[in-house]
Each structure stands twice: as C-alpha cells, then as structure tokens.
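Enquirer: There's a structure below that I have some questions on.
The values are calculated or read from the model by the stated rules, or taken from the named source; none is laboratory data. Fair warning: this is a prediction, and the values are worked out from it, not measured in the lab. Cβ placement follows ideal geometry from the backbone for every residue including glycine, while neighbour counts extend to all protein chains displayed. Side chains included, ligands, DNA and RNA excluded: accessible areas come from the protein's heavy atoms. Shrake-Rupley method; radii C 1.70, N 1.55, O 1.52, S 1.80 Å.
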Amino acid sequence: MAMTLRLTEEEQDALRERAVLEGMSMQETVRRAVREYIAKADHRDRVAVAAELITQRHGVALQRLGE
C-alpha cells in the first residue's frame, strides 16, 4: 500500500542523513522504524497484560513481599 508521509524539512534532512549512515534508502529506513515501533508497542502491551495477570493471581503475595 502506498502512502504519503509529510515531514518537516528538519525531519527530512535527519532522515536522509540517517539513511546514508545506514546505507539504506529513506523509504527502507522509515519502514524499519515503523516495524521496530510496532514490535516494541506489541511487546509493551504483552508485558502489561502479563503483569496484570500476575497481579491478579498473586496480589496478596506481592503485597506481603513489599512489606
């Protein structure tokens, strides 16, 4: 799917510099950044769900350990 990404001049300059340093196109640099962002957000969500489950199942024990 194609999309248009509007960047400020400063953002575009920074992206161009980063792409050159990475030896990639600006498009691939952005695609990599999006993939990494989504992976980190998915991980953060899974950790939050797991933490909530542990808190629900072992809340009393966790409170006692904190005393």
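Enquirer: Residue 6 is checked against (1) in a loop (DSSP other than H, G, I, E, B); (2) surrounded by 10 or more Cβ atoms within 10 Å (Cβ to Cβ); (3) not aliphatic (A, V, I, L, M) and fails just one. What number does that condition carry?
Expert: Against the list (1) in a loop (DSSP other than H, G, I, E, B); (2) surrounded by 10 or more Cβ atoms within 10 Å (Cβ to Cβ); (3) not aliphatic (A, V, I, L, M), residue 6 comes up short only on (2).
Enquirer: Something else now. Does residue 55 qualify as being assigned to a helix (DSSP H, G or I), more than 19 Å from the chain's Cα centre (by Cα), surrounded by 11 or more Cβ atoms within 10 Å (Cβ to Cβ) and not acidic (Asp, Glu)? Give the steps one after another, and end with the answer.
Expert: Numbers: assigned to a helix (DSSP H, G or I): yes; more than 19 Å from the chain's Cα centre (by Cα): yes; surrounded by 11 or more Cβ atoms within 10 Å (Cβ to Cβ): yes; not acidic (Asp, Glu): yes.
It is true that residue 55 is assigned to a helix (DSSP H, G or I), more than 19 Å from the chain's Cα centre (by Cα), surrounded by 11 or more Cβ atoms within 10 Å (Cβ to Cβ) and not acidic (Asp, Glu).
Enquirer: Anything in segment 18-42 that is assigned to a helix (DSSP H, G or I), more than 16 Å from residue 4 (Cβ to Cβ) and open to solvent by less than 70 Å² (accessible area, probe 1.4 Å)? List them, or say none. It would help to see each step written out before you state the result.
Expert: Initially, segment 18-42 is screened for residues assigned to a helix (DSSP H, G or I), giving 18-22, 26-42.
Checking which are more than 16 Å from residue 4 (Cβ to Cβ) leaves us with 18-22, 28-29, 32-33, 35-42.
The answer is 19, 28, 29, 33, 39, 41.
Enquirer: I'd like to know if segment 8-26 contains one or more residues that are modelled with pLDDT of 95 or more and in contact with an Asp or Glu (Cβ under 9 Å, 6 or more places away or on another chain).
Expert: If we filter segment 8-26 for residues that are modelled with pLDDT of 95 or more, which is where we start, we get 8-26.
From what is left, the residues that are in contact with an Asp or Glu (Cβ under 9 Å, 6 or more places away or on another chain) are 19, 22.
Yes, segment 8-26 has at least one match.
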